[in-house]
Ligand code: C5P
């Protein structure tokens, strides 16, 4: 744990954006550089989905899935090198494996307002001390409407699909560009058209289009916006 928090940066930072826009990668690096904790809301919704499937509940039954969510404990903490760790029911979450089944079900689970209310409460608990970077779809609009800095990272569907493909091929997944493209398109559509806190940039968010930017450039642009003195 770092012993000195930098005070000249925004203390609460929301990074929203569509699937595979790079927000989790950038958010984690930013948090590490600032000495903040990083929380990826996508991982929270994925964990709820995984648990609901494990308990074999009807994923269309909002109340029951919300109950499942209520029973999960999330805790975010920082380790010695400044990286953040998320624990789900005490168990460390490692790098997300590509799971097409979860990818298609998570937007259904995340569309239930009852589930979102439970997850939001848990996000508020993790964010209560500040010094946090949180990535998701509704962080700047609903979860942390008072965040000191709000960023919305965008990129075209083709660019996001090809970036995601390279990452998966590097990790030996057998998947095609077309399959990824269509999954991202479908997920974005569900996430942005749902009734309950749909994905959209907050009115006061800074929109970064990362089509022509590498991760390092996005990171440095956000850091620049986060500077307070
Ligand atoms: O960020 P990631 O792609 O891992 O998110 C997985 C899913 O979790 C999204 O497609 C969306 O359905 C849900 N999600 C959400 N609200 C957030 C973050 C993620 O609904 N703030």
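Every number in this text was worked out from the coordinates using simple rules, so none of it is lab data. Predicted model only: the values in this text are computed from it and were never measured. FYI the Cβ positions are ideal-geometry reconstructions off the backbone, even for glycines, and counts take in every protein chain you see.
For region 40-60, check the following and say yes or no: at least one residue is within 16 Å of the ligand (Cβ to nearest atom), closer than 13 Å to residue 132 by Cα, in contact with a strand residue (DSSP E or B) (Cβ under 6 Å, 6 or more places away or on another chain) and not in a strand (DSSP E or B). Yes - at least one qualifying residue is present in region 40-60.
From the list 25, 83, the one residue that fits, being closer than 25 Å to residue 210 by Cβ, within 14 Å of the ligand (Cβ to nearest atom) and either surrounded by fewer than 15 Cβ atoms within 10 Å (Cβ to Cβ) or under 14 Å from the mean Cα position of the chain (by Cα) (or both), is 25.
Across region 138-171, the number of residues qualifying as farther than 16 Å from residue 23 by Cα, more than 16 Å from the ligand (Cβ to nearest atom) and in a helix (DSSP H, G or I) comes to 4. Note on region 203-222: residues that are touching a helix residue (DSSP H, G or I) at 6+ places or on another chain (Cβ under 7 Å) and assigned to a helix (DSSP H, G or I) total 4. Restricting region 172-195 to residues that are surrounded by fewer than 13 Cβ atoms within 10 Å (Cβ to Cβ) and not in a helix (DSSP H, G or I), which is nearest to the ligand (Cβ to nearest atom)? By that ranking, first place goes to 195. For region 69-76, check the following and say yes or no: at least one residue is touching a helix residue (DSSP H, G or I) at 6+ places or on another chain (Cβ under 6 Å), away from the ligand (no atom under 13 Å from the Cβ) and part of a helix (DSSP H, G or I). Scanning region 69-76, I find at least one residue that is touching a helix residue (DSSP H, G or I) at 6+ places or on another chain (Cβ under 6 Å), away from the ligand (no atom under 13 Å from the Cβ) and part of a helix (DSSP H, G or I), so the answer is yes.
Taken over region 77-128, residues that are over 21 Å from residue 186 (Cβ atoms), touching a helix residue (DSSP H, G or I) at 6+ places or on another chain (Cβ under 7 Å) and not in a helix (DSSP H, G or I) amount to 6.
Filtered by the rule that a residue be closer than 20 Å to residue 166 by Cα, in contact with a strand residue (DSSP E or B) (Cβ under 6 Å, 6 or more places away or on another chain) and surrounded by fewer than 17 Cβ atoms within 10 Å (Cβ to Cβ), region 205-229 gives a lone residue, 209.
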